[in-house]
Amino acid sequence: MNKSGFYIGALVVIAGLVMLISPEQSIKIVVIVLGAGSVLTGLFDIISVRSLSEDLLFKKTALIRGLASIVIGLLAISLPLAFAETVLKIMLYSLAVYLIISAIGEFILLIKLPEDSSMKKSFLLEAVGFIALAVILFILPANFGKVIVRILGLLLMLGGAGYAYYSWKTAVPLAEVVDIRDADDESATEQTDSE
């Protein structure tokens, strides 16, 4: 059995169960995780992305985007923990707006990147992902959002259970211990036995 794969699958099942049982708390966790990701993205933009192009607009956009990411991320981490439901809704909408603005920034960075840059595909995927997340965040505060969280929880449970089962069934059995000797070793053993 592939233990790590099995345990990962089991953890995904537990995460799905939590989403299914308590969608409100799951939404808070999502906001906090997105906030942490936003802080890391901001730091990455300030430290690494700015050096990808010499264009002044590119550097300014990366810096502004990085600083905004850090501020929004810190707010997303701290506010849901400190205040009630209203702040959570405001934070969800703020994160959604931030993601749309960030996607626009990604498209600007994408345009200004040198043609031979290997980061173009990454920037495009990130921008599309930001827009998809923004749409989900706009939907979450409504009652319909809880239904979506529960459906995602159920899908996570099914996917995690499938992954755990797959890891358990496709495990490579341990090889049996086989006594392998060199031909030289056998002749030496036979000589010592005959003496």
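The values are calculated or read from the model by the stated rules, or taken from the named source; none is laboratory data. If you're wondering where the values come from, they're calculated on a predicted model, not measured in any experiment. All Cβ positions, glycine included, derive from the backbone under ideal geometry; neighbour counts span all protein chains shown.
Working only within segment 86-99, note down all residues that are crowded, with 18+ Cβ neighbours inside 10 Å and modelled with pLDDT of 80 or more.
Once the filter is applied, which keeps residues that are crowded, with 18+ Cβ neighbours inside 10 Å and modelled with pLDDT of 80 or more, segment 86-99 yields Leu95, Ala96, Tyr98, Leu99.
Within segment 77-85, identify whether any single residue is at pLDDT 80 or above and either over 30 Å from Ser117 (Cα atoms) or surrounded by 19 or more Cβ atoms within 10 Å (Cβ to Cβ) (or both), and answer yes or no.
Within segment 77-85, the first condition is being at pLDDT 80 or above, and the residues that meet it are 77-78.
Restricting the remaining residues to those that are either over 30 Å from Ser117 (Cα atoms) or surrounded by 19 or more Cβ atoms within 10 Å (Cβ to Cβ) (or both) gives 77-78.
Looking for residues that are at pLDDT 80 or above and either over 30 Å from Ser117 (Cα atoms) or surrounded by 19 or more Cβ atoms within 10 Å (Cβ to Cβ) (or both), one finds at least one in segment 77-85, hence yes.
Hey, can you tell me all the residues within segment 45-71 that are modelled with pLDDT of 85 or more and of a type in the set (Val, Ile, Thr)?
Passing the criteria: Ile46, Ile47, Ile64, Ile70, Val71.
Which is more than 20 Å from the chain's Cα centre (by Cα) and of a type in the set (A, V, I, L, M, F, W, C), of Leu43, Leu79, Leu11, Leu34?
From the options Leu43, Leu79, Leu11, Leu34, the qualifying one is Leu79.
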